[in-house]
């Protein structure tokens, strides 16, 4: 988009979100649109908000909570040195990688158990069919 501001509908459509989700991200402090119109009813999002939304959705895909996403995104908004920001991001990613690896190990153990039960059930079925042909 060539415009520097966006409506809630513009961003919701672009990122395939509901306007309700957009308002939730605003309530969580991830987005901070300006307001216009009578009583400030219309939200006006900037390219900064668009970038923050894009980063929020990326963080969600990585498995970060919205609170973790906000903390990291807020760090990037600050003019400070990027070293602490990157260390925090790496620490969060390492924690999520560990959690995913544990979940994957649990899934593999469950899958192995299912395979054992399948093999046993097939053997029992084969024996049962030998006894009384169906």
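The values are calculated or read from the model by the stated rules, or taken from the named source; none is laboratory data. It should be emphasised that the depicted structure is a prediction, and the values quoted were computed from it without experimental measurement. Methodologically, a virtual Cβ is constructed for each residue, glycine included, from the backbone with ideal geometry; neighbour enumeration extends over all protein chains shown.
Data overview
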{"item": "Residue match in the stretch 18-25 (condition: surrounded by fewer than 13 Cβ atoms within 10 Å (Cβ to Cβ) and not assigned by TED's automatic domain parsing to the domain that holds residue 92)", "result": "yes"}
{"item": "Filter result for residue 30 (touching a residue at least 24 places away in the same chain (Cβ under 8 Å), in the same structural domain as residue 5 (by TED's automatic domain parsing) and within 30 Å of residue 7 (Cα to Cα))", "result": "yes"}
{"item": "Which listed residue is touching a residue at least 40 places away in the same chain (Cβ under 8 Å), outside the structural domain of residue 12 (by TED's automatic domain parsing) and in a helix (DSSP H, G or I), from 127, 70", "result": "70"}
{"item": "Residue in the stretch 110-119 that is assigned to a helix (DSSP H, G or I), in contact with a helix residue (DSSP H, G or I) (Cβ under 8 Å, 6 or more places away or on another chain) and not assigned by TED's automatic domain parsing to the domain that holds residue 23 present", "result": "no"}
{"item": "The stretch 82-101 residues that are touching a residue at least 12 places away in the same chain (Cβ under 8 Å), paired with ones that are part of a helix (DSSP H, G or I) (beta carbon under 7 Å, 6 or more apart)", "result": "85/75; 85/76; 88/72; 88/75; 89/72; 92/68; 92/72"}
{"item": "Set 58, 52: member being free of Cβ contacts under 8 Å to residues at least 40 places away in the same chain, at negative phi, surrounded by fewer than 13 Cβ atoms within 10 Å (Cβ to Cβ) and within 21 Å of the chain's Cα centre (by Cα)", "result": "58"}
{"item": "Total residues in the stretch 1-32, condition in a loop (DSSP other than H, G, I, E, B) and within 18 Å of residue 69 (Cα to Cα)", "result": "7"}
{"item": "Odd one out for residue 111, checked against (1) within 21 Å of residue 5 (Cβ to Cβ); (2) without any contact (Cβ under 8 Å) to a residue 40 or more places away in the chain", "result": "(1)"}
{"item": "Residue that is modelled with pLDDT of 95 or more, over 15 Å from the mean Cα position of the chain (by Cα) and closer than 30 Å to residue 16 by Cβ, where the choices are 113, 120, 101", "result": "101"}
{"item": "Residue satisfying condition, being outside any helix (DSSP H, G or I), surrounded by 10 or more Cβ atoms within 10 Å (Cβ to Cβ) and at pLDDT below 85, within set 134, 63", "result": "63"}
